[in-house]
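> Questions regarding the structure given below will be posed in turn.
The values are calculated or read from the model by the stated rules, or taken from the named source; none is laboratory data. Note that the structure is a prediction, hence the values are computed from the model and not measured. Cβ placement follows ideal geometry from the backbone for every residue including glycine, while neighbour counts extend to all protein chains displayed. We work out accessible area using only protein heavy atoms, side chains counted, and drop any ligands, DNA or RNA first. Shrake-Rupley method; radii C 1.70, N 1.55, O 1.52, S 1.80 Å.
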Amino acid sequence: MKVNIWNEKAETMSRDELHHVQSLRFKDMVWRIYHNVPFYRQALDEKGITPSDIKDIDDLKYMPFTTKTDLRDNYPKGLFAVPDKEVVRIHASSGTTGKPTVVGYTKNDLELWSEVGARSVMSAGVTQDSIVQNSLGYGLFTGGLGLHYAAEKVGAQVIPMGGGNTQKQIMMMKDFNSTVLIATPSYALHLADVMEEMGMGPDDIPLKTGVLGAEPWSEEMKIAIESKTGMQAINSYGMSELIGPCVAMECVHQTGMHIWEDHFVPQIIDPVTGELLEEGQTGELVVTAMTKECLPMLRYRTKDIASITTEKCSCGRTMARIKRLSGRTDDMMIIRGVNVFPSQIESIIFEVQGVEPYYQLVLSTANGMTALEVKVEVSPEYFNDDIRRLTSLREEIGNRIKTFIGISAKITLCEPKSLPRSEGKAVRVIDQRTIK
Ligand code: ADP
Ligand code: ZN
């Protein structure tokens, strides 16, 4: 398969060269944060580290972590490393719990964002011949604008749709001949189902590539989206604290998401002890954003559970790859001692005949313990079926969850189309526990 590479020099540099580039940039970063951000100066002083102590990137492991709480405690701009007049853009996370997390960009940061953006979308298969329908939300959320400038940078034609208005999205897609859809996987699935209802199959849709991310999604969900739309569903990763989308992106070979390591240095740690893990081991992803001017991030704890490989990829890029994420440490449910991620339940739901992949997980307290209810929609052709088939369907789901995950869950079958559809990030877990 022929692949296009946006910045061949950077994306295919040798690991030795990369080590050299990272070391220079890391030393520069430590100098900047030590002198410009009181929070970091204090954190480094506490560890007895001064910028001149840093030899190379291998010293990263001695550095303190930065967490979301640190950003919140320094709300709104306490971790900014430049004077306010140099800031040209602000974004913020959704902030469903408490204050939002505020991030800022200088002119150079925006340049950097579109550079890693161009690498990312080209890695996904976008070229200047692509017509890109961007269905991520525009506004304070980084998703929409981040990928907008990324696709423009490679010279693609961009349609800034934003989320929602599904029927219109489909009309525009056909009329404008959109070849690329940028969306969350849950919204892509919803779009695909509405297309099906409108009598369209994969052959009636011009889409070739889906750039999908911003939330965890299972391999089974990817397969379902691909078969309903005929497009290749590429995994896209990022977060506002690190820059926004385009921190990492799969290439068309799809063996993990290439992370742009000359700017974002990944590490995997044990989420409990903070200890550094070996390549290939699964743990919490920690990323250092070395080159941003406004908001450099030292060892940011993403809370995402991942593993990393630096094995050669057939696309020619030498940048490490992050495997599909199983979930976030704070989405992990502990049910009678067993750790469960929503994506594990999702995988099971996709494999059962007779239900649709729309689900919700409700946590409650029963006898002082956490109980899980799985609400899932029955397929329309099953819904009016006799009660015995519905009962056996419920049992089948319950048994699979018991066998593959090892927990007992209450299964509730819901009417077709009764659970909420997502236009952005899907809400999978409803927590009604009285004891947490
Ligand atoms: P917020 O949701 O707080 O507004 P972000 O949009 O920056 O903030 O969300 C970033 C988070 O989204 C990541 O830490 C990760 O948990 C999740 N995420 C983003 N892309 C992916 C992906 N491809 N797979 C799994 N999770 C993802
Ligand atoms: Zn590759």
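> Could you grab the pairs with beta carbons closer than 7 Å, sequence gap of 6+ or different chains, first residue in segment 391-419 and assigned to a strand (DSSP E or B), second one hydrophobic (A, V, I, L, M, F, W, C) and surrounded by fewer than 17 Cβ atoms within 10 Å (Cβ to Cβ)?
Once the first residue is assigned to a strand (DSSP E or B) and sits in segment 391-419, its partners that are hydrophobic (A, V, I, L, M, F, W, C) and surrounded by fewer than 17 Cβ atoms within 10 Å (Cβ to Cβ) give Leu413/Leu390.
> Quick check: anything in segment 153-162 assigned to a helix (DSSP H, G or I) and open to solvent by 30 Å² or more (accessible area, probe 1.4 Å)?
Yes, because at least one residue in segment 153-162 is assigned to a helix (DSSP H, G or I) and open to solvent by 30 Å² or more (accessible area, probe 1.4 Å).
> Next up: Among the helices (runs of 4 or more DSSP H) confined wholly to segment 21-125, which include 3 or more residues that are over 30 Å from Asn7 (Cα atoms) and away from ligand 1 (no atom under 16 Å from the Cβ)? Let's see the steps before the verdict.
Working: elements: 38-46, 68-73, 107-124.
Hits in segment 21-125: 38-46.
> Looking at segment 315-328, can you tell me whether even one residue there is open to solvent by 10 Å² or more (accessible area, probe 1.4 Å), within 16 Å of ligand 2 (Cβ to nearest atom), touching a Phe, Trp or Tyr at 6+ places or on another chain (Cβ under 9 Å) and on the phi < 0 side of the Ramachandran plot?
Checked segment 315-328: at least one residue is open to solvent by 10 Å² or more (accessible area, probe 1.4 Å), within 16 Å of ligand 2 (Cβ to nearest atom), touching a Phe, Trp or Tyr at 6+ places or on another chain (Cβ under 9 Å) and on the phi < 0 side of the Ramachandran plot.
> I've got another one for you. Among (1) modelled with pLDDT of 95 or more; (2) farther than 29 Å from Leu110 by Cβ; (3) not aliphatic (A, V, I, L, M), which single condition is Arg336 missing?
Looking at each condition in turn, Arg336 falls short on (1).
> Hey, among the residues in segment 263-312 that are surrounded by fewer than 19 Cβ atoms within 10 Å (Cβ to Cβ) and within 16 Å of ligand 2 (Cβ to nearest atom), which one's nearest to Phe341 (Cα to Cα)?
Residue satisfying both the conditions and the ranking: Thr309.
> From the list Glu261, Glu250, which one is modelled with pLDDT of 95 or more, within 16 Å of the chain's Cα centre (by Cα) and closer than 18 Å to Gly238 by Cβ?
Residue meeting the stated conditions: Glu250.
> Just one of Val376, Val340, Val355 is open to solvent by less than 20 Å² (accessible area, probe 1.4 Å) and touching a Cys at 6+ places or on another chain (Cβ under 9 Å); which is it?
Numbers: Val340 fails: touching a Cys at 6+ places or on another chain (Cβ under 9 Å); Val355 fails: touching a Cys at 6+ places or on another chain (Cβ under 9 Å).
None of the other options fit; the residue is Val376.
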